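Below: one structure, written as structure tokens.
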Amino acid sequence: MIYSVDTILSLVLLSVLFSFGSSRLPGLIKVIAFQGIVVSLVPLFIEHDLTTGTILFSLVTMVIRGIVIPLSIHLVIKKVSINRGVEPIIGFHASLFAGLILIVAAAFVSHRLNIPSVSTSALLTPTAITILVAGMFILMTRRNAIAMVLGYMMMENGIYLVGTTFSTHAHHIVEFGILLDVLAGVMIMAIMLRDMKQKFDGVDTVHLRNLKE
Amino acid sequence: MVEFVILAPFLLGIIAFFLPKESGRTILVVTGSIHLLFSVTLWVRRPVSFLPEYFSVTPEGLLSLLVISFLFFLVAIYTTAYLKETKIQSENIFIGSMILFLSTMTMVTLSDHIMVMWIAIEATTLASAPLIYTHRSKASLEATWKYVLICSVGIAMALLGSVFLVLAMDLGNIDVPLSFSALSQVAKQLDPIWLKAAFILILVGYGTKMGLAPMHTWLPDAHSEAPSPASALLSGVLLNCAYLGIFKTNKIMIAAGLGDFSGTILIIFGLMSILAAATFIIKQTEYKRLLAYSSIENMGIIAFGTGIGGLGAYGAILCLIHHSLIKSSLFLTSGNILLGYGSGLIDKTGNLVKLMPKTLIAFFAGFAGISGFPPFGIFIGEMFIIIGAFRTGHYVVATVFIISLCVIFAGFANQAMKITFSDADKHLSIKFTEKASMIWPQYILLITSLILCLWMPETLYKTIIDAVAVIGGGL
């Protein structure tokens, strides 16, 4: 059976592959913005009875995840106007291949998990697992600090998606608190990125290896 | 009333951001005293909160809150004197962040809702990041970056774990508020597989913040790069806050009958932390990093004790309280040493006994306390943990535990002797006068630890017993 939300979720799965293959930061930011928007719209598709609160909260989430955060990181890149490569530790071809395996594995695992509350979408759980792990993958395999922040955001998107699957208990005020924390975290990271450029003349995390033991 | 303890420092912290230098210092002490007053009132009255679903006064929360409050008050006094001795750019940000940090930590101790707990712990990371970055140097930037990134990613795991806890509720078909106390009551109906997954993720997540190996890599950097008063707070009470999240989840596990599972994992992580600390303490060259690794060791001991349960859990809580008191005093003392010698390296120090005699008393007593010497509380805590481990038949791990403690003691003693008695550079001149306000906070912390060891007030004893009752704690 095909559900309406699966159309956009399949695009998210494709975007993961795109992010693994992209060597430039601006492309990566667009992927994150797209994911942020889709992820925040998902509750509108899967909730049975839409309340004003749900709609309002989804919109706020969309603005923050899809617009405010990507835009602020974009501004940082503009300001530090540096070499915009992501400086991968694992090459793009290998990353792409890992991405494919990841999607297949996520689909396989989520079949086995058999979560009963997901009845409105076939792709929700696989997508959530995929972007969660993909975010971690980017965090670990890219040396550019901005790419790492983007990886963190991707991971957060994944957790949010896992949460929407069954968090009927959590109130919007609580979810809003979580969102606020994420936003503040990214803002602090953005401030540090600017200083990093001044102090180290770049945002390659190779410079950040002086403190040991 | 309960929420007010969180709100008051929050508002004062925001005000402090916009105040000029000198008045900020006053605000810091004022906030410390107000907070201490409120915490004591909470302790005596134990009121119900306005939002019982989100916040509640629990025994373990009260214990942490009182420690935080007492420590912050003394650190605030020390900080006012410390700021006169040293130059800090944008002091208002430093003071504002410190007060906000207090507010977020208070929120951790009082939150009962699983997600609110997460929000509060992540907020402590954000509020303390500016403290580590105070010196604006390359090294402090590196430390802050690692701190924010590793902790945020780690705590994100805890969020995933909390979401799994919700799933365990869904599968068990129960509809209760998402609070630790409510979940403990219906724990038996929770889906065990997802509950286990949730516990592992929460342990890894909050364990990152608590400094458990192998997720501890940020801790020595952050604690050594932050100014000493901030290090005292980070090491003394922030780690306790993260532990509280693990402790409360562990309670749910025990109520669900999965205590053996969670206990074993806690023991493994605890031992790994102690072993990791032992390796790094022996060859350490900087004294603040030495203290930081000692914090990792103590967090390992606490996790180990909690995993053992029973008498061990009681010992773990004792270690938690005394570690806060003694370690924060040591970090404040390290601030004096840094001001006196102007270097963080152990080799650049020496002859503390002649050069800074008052600081020496605080340093040496702190060293004795943290290594588990009898007049101080950590000795009793560790003894209870060891007895508890033997009673429950954990012979092998208890042996490893004791041997690692000996190794750590040897390493620490070696470094401490270098600082106190070895010959210092002859051209060295100490530019630091040992003022009362930079000595007495440490003395008071150490004396408190000493008194609590000899005589514990009835109410404190009862609260500890209440906190560990579920884990089978008690004498």
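The values are calculated or read from the model by the stated rules, or taken from the named source; none is laboratory data. This is a predicted model, so every value here is computed, not measured. Quick reminder, even Gly has a Cβ in these numbers, built from the backbone with ideal geometry, and neighbours come from all protein chains shown.
Values as computed for the structure displayed
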read-out: Residue in segment B:338-361 that is under 21 Å from the mean Cα position of the chain (by Cα) and surrounded by 24 or more Cβ atoms within 10 Å (Cβ to Cβ) present; value: no
read-out: Every residue from segment A:135-166 that is without any contact (Cβ under 8 Å) to a residue 24 or more places away in the chain, more than 18 Å from A:Val60 (Cα to Cα), in contact with an Asp or Glu (Cβ under 8 Å, 6 or more places away or on another chain) and at the interface with chain B (Cβ under 8 Å from one of its Cβ atoms); value: none
read-out: Residue that is farthest from B:Gln415 (Cα to Cα) [pool: residues in segment B:274-306 that are among the β-branched types (Val, Ile, Thr) and part of a helix (DSSP H, G or I)]; value: B:Thr306
read-out: When residues of segment A:167-181 are limited to those that are farther than 22 Å from B:Leu149 by Cβ and either at pLDDT 85 or above or assigned to a helix (DSSP H, G or I) (or both), the one farthest from the other protein chains (Cβ to nearest Cβ); value: A:His172
read-out: Only listed residue being closer than 25 Å to B:Gly350 by Cβ and not in a loop (DSSP other than H, G, I, E, B), chosen from B:Thr420, B:Thr448, B:Thr399, B:Thr463; value: B:Thr420
read-out: Unique match (being at pLDDT below 95, part of a helix (DSSP H, G or I) and either surrounded by fewer than 23 Cβ atoms within 10 Å (Cβ to Cβ) or not polar (S, T, N, Q) (or both)) among A:Val109, A:Val118; value: A:Val109
read-out: Test: residue in segment B:172-179 that is more than 24 Å from A:Asp181 (Cα to Cα) and either without any contact (Cβ under 8 Å) to a residue 12 or more places away in the chain or aromatic (Phe, Trp, Tyr) (or both); value: yes
read-out: From B:Gly24, B:Gly61, residue being of a type outside the set (Ser, Thr, Tyr) and either over 24 Å from the mean Cα position of the chain (by Cα) or loosely packed, with under 15 Cβ neighbours inside 10 Å (or both); value: B:Gly24
read-out: Tabulated pairs, segment A:202-213, first more than 7 Å from chain B (Cβ to nearest Cβ), second hydrophobic (A, V, I, L, M, F, W, C) and in a loop (DSSP other than H, G, I, E, B), C-beta under 6 angstrom, 6+ apart or interchain; value: A:Gly202/A:Ile82
read-out: Tally of residues being crowded, with 24+ Cβ neighbours inside 10 Å and facing chain A (nearest Cβ under 8 Å) across segment B:168-200; value: 1
read-out: Where B:Ser273 falls short, out of the listed (1) within 13 Å of another protein chain (Cβ to nearest Cβ); (2) under 30 Å from B:Trp194 (Cβ atoms); (3) among the polar types (S, T, N, Q); value: (1)
read-out: Output for segment B:342-396, where each listed residue is modelled with pLDDT under 90 and within 30 Å of B:Gly472 (Cα to Cα); value: B:Gly372, B:Phe373, B:Pro374, B:Pro375, B:Phe376, B:Gly377
read-out: Helices (runs of 4 or more DSSP H) completely within segment B:160-265 that count 2 or more residues being within 22 Å of the chain's Cα centre (by Cα); value: B:192-210, B:218-225, B:228-233, B:239-255
read-out: Any chance A:Val80 is at pLDDT 90 or above, more than 24 Å from A:Ser95 (Cβ to Cβ) and not charged (D, E, K, R); value: no
read-out: Enumerated helices (runs of 4 or more DSSP H) restricted to segment B:51-133, each holding at least 1 residues that are of a type in the set (A, V, I, L, M, F, W, C), within 10 Å of chain A (Cβ to nearest Cβ) and touching a Gly at 6+ places or on another chain (Cβ under 8 Å); value: B:114-132
read-out: Checking B:Cys319 against (1) farther than 22 Å from B:Lys209 by Cβ; (2) buried (at least 24 other Cβ atoms within 10 Å of the Cβ), the condition it does not meet; value: (1)
read-out: Residue in segment A:1-32 that is modelled with the lowest pLDDT, counting only those that are of a type in the set (D, E, K, R) and closer than 23 Å to A:Lys78 by Cα; value: A:Arg24
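Residue by residue, here is whether (1) over 30 Å from B:Ile88 (Cα atoms); (2) among the aromatic types (Phe, Trp, Tyr) holds:
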site: B:His113; (1), (2): yes, no
site: B:Met117; (1), (2): yes, no
site: B:Ala143; (1), (2): no, no
site: B:Leu160; (1), (2): yes, no
site: B:Asp170; (1), (2): yes, no
site: B:Leu183; (1), (2): yes, no
site: B:Ala187; (1), (2): yes, no
site: B:Trp194; (1), (2): yes, yes
